[in-house]
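Trainee: The structure follows.
The values are calculated or read from the model by the stated rules, or taken from the named source; none is laboratory data. Fair warning: this is a prediction, and the values are worked out from it, not measured in the lab. Here the Cβ positions follow ideal geometry from the backbone for every residue, glycine too, while neighbour counts run over all protein chains shown. Side chains are part of the model used for accessible areas, which takes the heavy atoms of the whole protein and leaves out ligands, DNA and RNA. Shrake-Rupley method; radii C 1.70, N 1.55, O 1.52, S 1.80 Å.
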Amino acid sequence: MFRQPGIVGKPRAPLDPVADLKVRLARESTQHGRALWYRRGSARLRGVPIARHPDVVKIRSCVRAWWAEHGLESCPTAVGKRIAVVLIEQPMIEHKLAGIVLLQDLLGTSLRSSDLAAFARLFAAGHLADVTVVDWFITKVLVTLLDRLQGRRDVVRGLVAWRNAESMWQRRAACLAFLELAPHGDAALAGLAEQILTVCATVVWSPERFDQTAVGIVLRELSRAAPDVVEAFFRRHALLMSKECARHAVAKYPAEQRATLLAHHKRATSLRIA
């Protein structure tokens with residue numbers, strides 16, 4: 001099924017495609033890239049260079065070439081998805097990012113709500129537990145999954161259920177998956193604002209910073225479409241919000257209203273401390 005790239009003449013035994021991709025990624029590693037990721041606290045990265053732009057340029061080009069040379073486009077999408085999951089299960093961060101690139105770039109149109117179960121298992125097993133990797137997974141895979149109008153309600157329903165996950169990272173994903181849809185509110189899907197607030201109402205109880213910032217950021221985006229609804233939520237749950245969460249949540253309000261809401265948050269949290 002697979003062929004070894006660049007071979008002219010006598011054939012050789014087919015390569016394990018995952019092993020081959022690991023070799024290709026290792027060849028792209030540089031000391032500069034490794035140092036960059038170490039400074040960001042991701043100590044298990046080999047060092048593939050990554051630009052400031054959201055695209056992981058080297059990994060993306062490597063994955064695309066590998067995909068084409070192994071003829072993987074002719075395989076059932078289930079095979080590609082399984083390879084992507086195996087890559088995300090690897091300990092090295094660039095392998096995980098390669099799996100994420102694969103899901104978005106080459107399998108994005110085939111993502112379905114039924115894939116959420118496999119993704120949930122990755123969180124539960126600790127394979128998605130680094131802020132850089134998790135946020136890439138959210139913006140490149142979950143946002144892509146929600147971008148399709150067909151089946152969107154089923155995806156939303158599945159993501160809302162993630163609010164009760166044991167994994168902080170999965171709860172963060174349940175919030176931030178809605179980043180692109182939240183500014184459109186119910187225009188993107190009837191009842192979407194209520195669903196987003198259902199997630200936030202659970203996750204805001206967590207004191208974990210990455211949960212708190214996720215709640216604040218998605219509330220900020222939802223406030224573009226439903227400012228009154230978000231303000232009511234903010235006032236009701238201010239006691240539970242960190243200062244960082246509160247500042248994110250009110251960032252898009254006019255200055256005077258923002259100051260009023262932050263004053264309300266300060267009073268609520270001061271009462272909690274007393």
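Trainee: Within segment 163-174, is there a residue that is of a type in the set (A, V, I, L, M), over 14 Å from the mean Cα position of the chain (by Cα), over 24 Å from R224 (Cα atoms) and surrounded by 18 or more Cβ atoms within 10 Å (Cβ to Cβ)?
Mentor: So far as segment 163-174 goes, yes, one or more of its residues are of a type in the set (A, V, I, L, M), over 14 Å from the mean Cα position of the chain (by Cα), over 24 Å from R224 (Cα atoms) and surrounded by 18 or more Cβ atoms within 10 Å (Cβ to Cβ).
Trainee: If a residue must be touching a residue at least 12 places away in the same chain (Cβ under 8 Å), part of a helix (DSSP H, G or I) and open to solvent by 50 Å² or more (accessible area, probe 1.4 Å), how many such residues does segment 72-103 contain?
Mentor: 2
Trainee: Answer yes or no: is there a residue in segment 177-185 that is aromatic (F, W, Y) and farther than 19 Å from A117 by Cβ.
Mentor: Yes, the conditions are met somewhere in segment 177-185.
Trainee: Could you go through segment 113-120 and let me know if any residue there is without any contact (Cβ under 8 Å) to a residue 60 or more places away in the chain, in contact with an Asp or Glu (Cβ under 6 Å, 6 or more places away or on another chain) and more than 22 Å from R60 (Cα to Cα).
Mentor: Taking every residue of segment 113-120 in turn, at least one turns out to be without any contact (Cβ under 8 Å) to a residue 60 or more places away in the chain, in contact with an Asp or Glu (Cβ under 6 Å, 6 or more places away or on another chain) and more than 22 Å from R60 (Cα to Cα).
Trainee: What are the residue pairs meeting all of these: first residue in segment 196-212, first residue open to solvent by less than 30 Å² (accessible area, probe 1.4 Å), second residue among the aromatic types (F, W, Y), Cβ atoms under 8 Å, and 6 or more apart or on different chains?
Mentor: Between residues of segment 196-212 that are open to solvent by less than 30 Å² (accessible area, probe 1.4 Å) and residues that are among the aromatic types (F, W, Y), the close pairs are I196/F178; L197/F233; V199/W162; V199/F178; C200/F233.
Trainee: Could you list all residues from segment 227-266 that are open to solvent by less than 20 Å² (accessible area, probe 1.4 Å) and among the β-branched types (V, I, T)?
Mentor: V230, V250
Trainee: Output the residues belonging to segment 202-236 that are among the acidic types (D, E) and touching a helix residue (DSSP H, G or I) at 6+ places or on another chain (Cβ under 9 Å).
Mentor: Once the filter is applied, which keeps residues that are among the acidic types (D, E) and touching a helix residue (DSSP H, G or I) at 6+ places or on another chain (Cβ under 9 Å), segment 202-236 yields E208, D211, E221, E231.
Trainee: Here is a follow-up. Which condition does Q150 not pass, out of (1) surrounded by 15 or more Cβ atoms within 10 Å (Cβ to Cβ); (2) not in a helix (DSSP H, G or I), if it passes all the others?
Mentor: Only one criterion in (1) surrounded by 15 or more Cβ atoms within 10 Å (Cβ to Cβ); (2) not in a helix (DSSP H, G or I) is unmet by Q150, namely (1).
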